[in-house]
1. Mind grabbing the accessible area of residue 41 for me, 1.4 Å probe, Å², rounded to tens?
2. Would you work out the charge dipole size for region 123-209 about its Cα centre, treating the Cβ of every Lys and Arg as +1 and the Cβ of every Asp and Glu as -1, and quote it to the nearest 20 debye?
3. For 77, 286, 35, give me the order by solvent-accessible area with a 1.4 Å probe, most accessible first, ignoring ligands, DNA and RNA.
4. Run the 1.4 Å probe and let me know the accessible area of residue 232, rounded to the nearest 10 Å².
5. Using a simple charge model, +1 on the beta-carbon of Lys and Arg, -1 on the beta-carbon of Asp and Glu, nothing else, what dipole does region 1-160 show about its Cα centre, in debye to the nearest 20?
6. Might you tell me the accessible area per residue for region 1-152, computed with a 1.4 Å probe and given in Å²?
7. If we count every other residue with Cβ under 15 angstrom of residue 177's Cβ, Lys/Arg +1 and Asp/Glu -1, where does the sum land?
8. For labels at residue 171 and residue 15 in the simple 7 Å Cα→Cβ model, what's the distance in nm?
Amino acid sequence: MAAKIAVLGNINIDFVMGAERMPRPGETLMGTDLRLVPGGKGANQAVTAARLGAEVTVIGRVCEDTFGPQLRANLEREGIDTRFLTSDPQTHTGSAFIALAPSGENSILSCMGANLAVSREQMEAAAPAIEAADMLLVQLGVPLEAVLQAMEIAHAAGTRVLFDPTPVREHLEPMWQHVTVSCPNETEAEVIIGEPAEALEDAARAAEWFRKRGVQIAIIKLGARGALVLDDDGARLVRGYSVTVVDTTGAGDSFAGALGTRLAEGASVNEALAFANAAGAMAASRFGAQPSLPTRAEVEALMAAQQRDDRVERV
């Protein structure tokens with residue numbers, strides 16, 4: 001039986017422009033091209049889970065402008081339930097403007113639009129989907145009140161919660177007690193706890209910070225190095241997979257969608273993390289957000305091609 005995943009998060013249209021570098025104040029540079037790509041962290045994680053075989057319901061908000069119906073149709077083509085994707089007549093669909101460097105690194109400016117109209121009342125309407133899910137995936141591209149409400153509904157129903165706390169915001173303290181799995185990257189963890197989290201020892205201390213606040217499985221994403229995890233079995237590094245980086249947009253979302261799906265399927269934490277690392281690497285090896293998100297066969301092929309006995313290292 002397929003894992004049931006509910007995803008609450010932002011749904012965007014991405015304007016992606018190639019650029020040698022970001023312009024300085026007052027400077028105008030020429031971009032190399034412009035492509036419009038479906039994106040948004042909530043949508044990306046939902047599409048990842050669907051492509052990996054999960055039964056997915058998305059909760060969010062778009063506008064009845066040029067892009068909203070297109071993004072809804074795109075999610076439905078992926079087999080995602082959009083009953084709780086509502087429309088806002090008063091604003092615009094969420095947008096992200098992405099400058100993509102030749103190295104594959106990106107700089108992103110987001111205008112959240114309809115995503116910011118997601119409400120607590122909408123969470124109440126979507127409660128049946130949250131309660132029936134094996135895992136709820138949430139980020140911070142919608143109002144904090146809605147995120148907390150969804151977490152509380154999940155907690156009361158015994159639905160596990162995977163929290164990807166990005167884009168980082170203040171006032172997150174009430175949320176940690178409802179979180180089963182947290183997975184910030186090292187930069188986001190540093191902003192949240194106020195201390196560095198890049199070195200393994202620092203990442204382990206950062207993970208302990210989250211554990212002390214109620215998170216059961218505290219993960220710090222470390223880019224190409226993989227991910228550090230701290231749970232009841234102690235701290236360890238689950239190493240990443242080697243790929244040629246083309247575009248890092250969506251890689252973190254691919255990681256979160258894959259991690260939530262494998263944990264919902266009953267995989268061990270180490271197995272789920274290795275799978276998530278491979279999914280994130282696959283996304284980074286291709287252009288765009290949703291176009292880059294892998295299928296299960298692609299993730300498993302990468303894992304098979306790069307087998308190693310020391311994938312997991314105690315820290």
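The values are calculated or read from the model by the stated rules, or taken from the named source; none is laboratory data. The structure presented is a predicted model; accordingly, all values stated were derived computationally and were not measured. Heads up, the Cβs are rebuilt from the backbone with ideal geometry, glycines too, and the neighbour counts pull from every protein chain shown. Side chains are part of the model used for accessible areas, which takes the heavy atoms of the whole protein and leaves out ligands, DNA and RNA. Shrake-Rupley method; radii C 1.70, N 1.55, O 1.52, S 1.80 Å.
1. 60
2. 300
3. So, going from the largest accessible area down, we get 77, 35, 286.
4. Accessible area of residue 232: about 140 Å².
5. Around 220 debye, computed over region 1-160.
6. 43
7. Charge balance near residue 177 sits at +2.
8. Calculated label separation equals 2.9 nm.
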